[in-house]
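Contents: one structure, followed by commentary.
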Amino acid sequence: MQDEKFKVKFGNSRVERPKVLLPLSYGSSSLALLDMVISHLEEQCQNERAVQGYVLVVLHVGEDTARMERLRKKYSRVLERLEVQFVTVDPAVFVRDLAKVAVTDEYAVHRTENSESLNLQELLLQFDSRSSRQDFWQQVVQEVIFRSAVAHDCSVVIFGHSMSRLAEEILALTVKGRGSETAHRLTDGTMDYVGCSLHVIHPLREVLASEIKEYVRFSGLQEMVATEESVKHKSAKNKTVNELVCEYFETVESEYPEVISTVVKIGTKLDSPQGMAQQCILCQEAVYRDPKTWLEQMSESANKQAQSDVPLCYGCLVNVGVGGGAVWPVSRPSREEILAEYILEE
Ligand SMILES: [Zn+2]
């Protein structure tokens with residue numbers, strides 16, 4: 001965030017200021033990032049003639065509006081002089097255009113008529129495994145974040161991921177069969193979303209989770225941290241892929257922090273695969289190779305004659321399960337639809 005475009009402005013350059021979206025999960029990392037960004041803006045506004053270099057939009061995907069209010073109160077003195085918007089978005093906006101997608105025993109994927117109208121909770125409960133539910137929940141949050149960026153006219157999105165969290169995501173994506181997404185999800189750069197250009201940055205990518213914990217303690221932010229849903233399941237079988245990988249990195253962080261930086265270094269060297277891609281009907285991610293093609297090489301039950309009528313990525317195929325089906329939103333709204341939905345909400 002040392003870029004020229006974020007620097008303090010003087011005179012009439014208000015119009016050129018980018019709007020920056022900061023997604024807040026109320027985890028330690030995103031709270032620490034918010035604290036740092038607010039300090040940065042405060043510093044920018046110390047000079048009477050100076051105008052803050054960018055406008056901040058703080059976004060929480062969820063229903064915890066009370067915590068947002070407490071946070072605003074905490075920074076109320078500083079916020080009087082700054083342009084910062086606080087927004088809480090109900091993840092239910094994700095539910096639209098539902099269809100049923102089924103995977104046959106021969107690994108063919110079909111889209112069928114859907115007669116059920118399910119809410120978000122019910123959509124997620126269709127999946128038995130906690131890991132699949134968490135995988136889809138992550139997709140929901142990410143989609144709502146990017147849609148909110150478009151709706152609020154933000155050209156920059158800053159994520160609070162620490163180095164430890166990035167390492168967790170890199171391994172978890174690989175295990176979940178989403179390795180091809182690593183480059184565009186975790187590397188800083190510009191991405192296209194419904195025709196809008198979004199610059200994605202992870203400013204805390206050099207900082208370990210243990211260092212963030214210390215920062216949160218020193219800055220008195222602990223009371224703002226939302227305690228995560230406790231994992232009652234002792235057995236590894238009931239843990240999600242992300243939980244298992246996270247636990248692994250927590251155990252190595254104090255003695256071998258270089259393991260974490262190595263994973264992140266290697267992860268950021270990855271590039272998106274080459275070639276033409278189709279779009280997965282469930283997660284909208286690029287599918288470079290039909291998972292059916294190589295599942296056929298490993299399994300006798302696969303049948304080359306059984307053709308899929310919609311593309312499904314390997315990660316989603318595992319979540320839905322062979323012989324299973326799920327009702328899910330099968331399209332992403334256009335920029336116009338996103339803007340219209342948000343106007344209706346207000
Ligand atoms: Zn998918």
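Pick from Tyr248, Tyr288: which is surrounded by 12 or more Cβ atoms within 10 Å (Cβ to Cβ), under 23 Å from Ile170 (Cα atoms) and within 16 Å of the ligand (Cβ to nearest atom)?
After ruling out the rest, the residue left standing is Tyr288.
Please work out which residue is surrounded by the most Cβ atoms within 10 Å (Cβ to Cβ), limiting yourself to the stretch 309-328 and to residues that are under 18 Å from Thr293 (Cβ atoms) and away from the ligand (no atom under 13 Å from the Cβ).
If we take residues in the stretch 309-328 being under 18 Å from Thr293 (Cβ atoms) and away from the ligand (no atom under 13 Å from the Cβ), then Val322 is surrounded by the most Cβ atoms within 10 Å (Cβ to Cβ).
Any idea how many residues of the stretch 118-136 are within 16 Å of the ligand (Cβ to nearest atom) and either basic (Lys, Arg) or more than 22 Å from Val322 (Cβ to Cβ) (or both)? Don't jump to the end; show me each part of the working.
To start, the set of residues in the stretch 118-136 that are within 16 Å of the ligand (Cβ to nearest atom) comprises 123-124, 126-127, 129, 131-136.
Next, from what is left, pick out any that are either basic (Lys, Arg) or more than 22 Å from Val322 (Cβ to Cβ) (or both): 133.
Matching residues across the stretch 118-136 total 1.
Please work out which one of (1) more than 15 Å from the ligand (Cβ to nearest atom); (2) assigned to a loop (DSSP other than H, G, I, E, B) is the condition Glu336 fails and give its number.
(2)
Given the conditions (1) surrounded by fewer than 18 Cβ atoms within 10 Å (Cβ to Cβ); (2) within 22 Å of Leu33 (Cβ to Cβ); (3) touching a helix residue (DSSP H, G or I) at 6+ places or on another chain (Cβ under 7 Å); (4) modelled with pLDDT of 95 or more, which single one is not true for Met163?
With respect to (1) surrounded by fewer than 18 Cβ atoms within 10 Å (Cβ to Cβ); (2) within 22 Å of Leu33 (Cβ to Cβ); (3) touching a helix residue (DSSP H, G or I) at 6+ places or on another chain (Cβ under 7 Å); (4) modelled with pLDDT of 95 or more, Met163 is out only on (1).
Select the helices (runs of 4 or more DSSP H) contained entirely in the stretch 64-177, then report the ones holding at least 1 residues which are in contact with a Gly (Cβ under 9 Å, 6 or more places away or on another chain). Walk me through how you get there before you give the answer.
Details: elements: 65-74, 76-79, 120-125, 130-151, 163-175.
The helices (runs of 4 or more DSSP H) meeting that bar are 65-74, 130-151, 163-175.
Please go through (1) touching a residue at least 24 places away in the same chain (Cβ under 8 Å); (2) surrounded by fewer than 16 Cβ atoms within 10 Å (Cβ to Cβ); (3) not in a helix (DSSP H, G or I) for Glu48 and return the number of the only condition it doesn't satisfy.
So the condition that Glu48 fails would be (1).
Quick check, is Tyr107 on the phi > 0 side of the Ramachandran plot and crowded, with 19+ Cβ neighbours inside 10 Å? Walk me through it before giving the result.
Working: on the phi > 0 side of the Ramachandran plot: yes; crowded, with 19+ Cβ neighbours inside 10 Å: yes.
Answer is yes for this residue.
Report, by residue number, each residue of the stretch 76-97 that is among the acidic types (Asp, Glu) and either in contact (Cβ under 8 Å) with a residue 40 or more places away in the chain or touching a Phe, Trp or Tyr at 6+ places or on another chain (Cβ under 8 Å) (or both). Even if it seems obvious, please write down each step before you answer.
The initial filter retains those residues of the stretch 76-97 that are among the acidic types (Asp, Glu), namely 80, 83, 90, 97.
Correct list: Asp97 only.
Among the candidates Lys73, Lys5, Lys19, Lys100, single out the residue that is closer than 30 Å to Ser308 by Cβ, surrounded by fewer than 18 Cβ atoms within 10 Å (Cβ to Cβ) and either touching a residue at least 24 places away in the same chain (Cβ under 8 Å) or not polar (S, T, N, Q) (or both).
That would be Lys100, the only listed residue that is closer than 30 Å to Ser308 by Cβ, surrounded by fewer than 18 Cβ atoms within 10 Å (Cβ to Cβ) and either touching a residue at least 24 places away in the same chain (Cβ under 8 Å) or not polar (S, T, N, Q) (or both).
The values are calculated or read from the model by the stated rules, or taken from the named source; none is laboratory data. Keep in mind the model is a prediction, meaning the values are calculated, not measured. Note that we place each Cβ from the backbone using ideal geometry, even for glycine, and neighbour counts take in every protein chain shown.
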